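Asks: Below is the structure I would like to discuss, written out as structure tokens.
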Amino acid sequence: MTDPTLAERLSAIDERIADAARRAGRDPRSITRIVVTKFHPASLVRDLAALGVTDVGENRQQELSAKRAELGDLAVRWHYIGQAQTNKAAAIRRDADAVHSVDRTRLADALHRAAADDVLDVLVQINLTQDPGRGGAAPDDAEALAEHILGLPSLRLRGVMAVAPLDEPPAPAFARLREVADRVRLLAPDAAWMSAGMTGDFVEAIDAGATHLRIGSAITGPRPARG
Ligand SMILES: *Cc1c(COP(=O)(O)O)cnc(C)c1O
């Protein structure tokens, strides 16, 4: 048997997403599948767009900016999903359509200061582990950070994002994220996104109500080693 092609991997994942959504009693169309293209060449993004992919994710500012510059003609939405240094905020704001990883007020302020006359979609990243070294705000700090963002007119708070911990099953972790998402949504009706679920745990994320899945290797194949 030959290796499945990109198109085959994409449609296989989309079938699994649709099945999981229906089993959870959800409309598959309420779920956005973001293809994470980090470490892969810009040509892969072009191939994905030709297959109808509308949303891609990157986790490093330089790579995001380089690909966006190379693919300026491409009608895809770029989601920034990585740790963000404050001094990269202006470049991230310029090149991303949505930033999933806002985890502190200083970063929100820096993104706001870099505004032109547009409005940027942002999510509050939540740390579901006990390790403060992992990205994300503590669940108890989510509402204060959300309130801060709501005071910055160039940012539109869209919801919450998290990565499942490595040392616990994803379902209870995503259930905690769901609680945080519900509390944040009470503050802002626009904040209905829940960005969760990767190659290994997107079914559990769909069960917990994820609206935005960030799927990389199951679609793109293994990531090339970074030089
Ligand atoms: C790389 C990455 C993903 C995708 O991971 P896969 O396991 O390849 O699907 C999702 N979210 C974040 C934040 C990532 O860095």
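Asks: Looking at Ile31, Ile13, Ile92, Ile17, which is the one that is in contact with a Phe, Trp or Tyr (Cβ under 6 Å, 6 or more places away or on another chain) and either more than 21 Å from Thr211 (Cβ to Cβ) or modelled with pLDDT of 95 or more (or both)? I'd like the intermediate steps shown before the answer.
Replies: On the way: Ile31 fails: in contact with a Phe, Trp or Tyr (Cβ under 6 Å, 6 or more places away or on another chain); Ile13 fails: in contact with a Phe, Trp or Tyr (Cβ under 6 Å, 6 or more places away or on another chain); Ile17 fails: in contact with a Phe, Trp or Tyr (Cβ under 6 Å, 6 or more places away or on another chain).
Matching residue, one of Ile31, Ile13, Ile92, Ile17: Ile92.
Asks: Also: Is it the case that some residue within region 21-43 is touching a Leu at 6+ places or on another chain (Cβ under 8 Å), farther than 18 Å from Ala218 by Cβ and crowded, with 17+ Cβ neighbours inside 10 Å? Break it down stepwise before answering.
Replies: Residues of region 21-43 that are touching a Leu at 6+ places or on another chain (Cβ under 8 Å), as a first pass: 31-35, 37, 42.
Cutting the leftovers down to farther than 18 Å from Ala218 by Cβ gives us 42.
Subset that is crowded, with 17+ Cβ neighbours inside 10 Å: none.
The answer is no; no qualifying residue exists.
Asks: State all residues of region 172-216 that are farther than 22 Å from Val102 by Cα and either touching a Phe, Trp or Tyr at 6+ places or on another chain (Cβ under 7 Å) or exposed (fewer than 15 other Cβ atoms within 10 Å of the Cβ) (or both); if no residue qualifies, say none.
Replies: Result: Pro172, Gly200, Glu204.
Asks: Sticking with this one: Just need a number here: residues in region 42-54 that are without any contact (Cβ under 8 Å) to a residue 40 or more places away in the chain and out of contact with any Asp or Glu (no Cβ under 8 Å at 6 or more places or on another chain).
Replies: We begin by selecting, within region 42-54, every residue without any contact (Cβ under 8 Å) to a residue 40 or more places away in the chain; these are 42-43, 45-46, 49-50, 52, 54.
The next check asks that each one be out of contact with any Asp or Glu (no Cβ under 8 Å at 6 or more places or on another chain); those that pass are 43, 45-46, 49-50, 52, 54.
The total comes to 7.
Asks: I'd like to know if region 101-122 contains one or more residues that are in a helix (DSSP H, G or I) and in contact with a Lys or Arg (Cβ under 7 Å, 6 or more places away or on another chain). Lay out the reasoning, then the answer.
Replies: Initial filter on region 101-122 (in a helix (DSSP H, G or I)): 105-113.
Keeping just the survivors that are in contact with a Lys or Arg (Cβ under 7 Å, 6 or more places away or on another chain) gives 111.
Checked against the condition, which is being in a helix (DSSP H, G or I) and in contact with a Lys or Arg (Cβ under 7 Å, 6 or more places away or on another chain), region 101-122 yields at least one hit.
Residue-wise test of (1) in contact (Cβ under 8 Å) with a residue 12 or more places away in the chain; (2) surrounded by fewer than 20 Cβ atoms within 10 Å (Cβ to Cβ).
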residue: Glu63; (1), (2): yes, yes
residue: Ala66; (1), (2): yes, yes
residue: Ala75; (1), (2): yes, yes
residue: Ile81; (1), (2): yes, no
residue: Arg94; (1), (2): yes, yes
residue: Val102; (1), (2): yes, no
residue: Leu128; (1), (2): yes, no
residue: Asp140; (1), (2): no, yes
residue: Ala144; (1), (2): no, yes
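The values are calculated or read from the model by the stated rules, or taken from the named source; none is laboratory data. Everything quoted here is computed from the prediction, not taken from an experiment. All Cβ positions, even for glycine, are placed from backbone atoms using ideal geometry, and neighbour counts span all protein chains on display.
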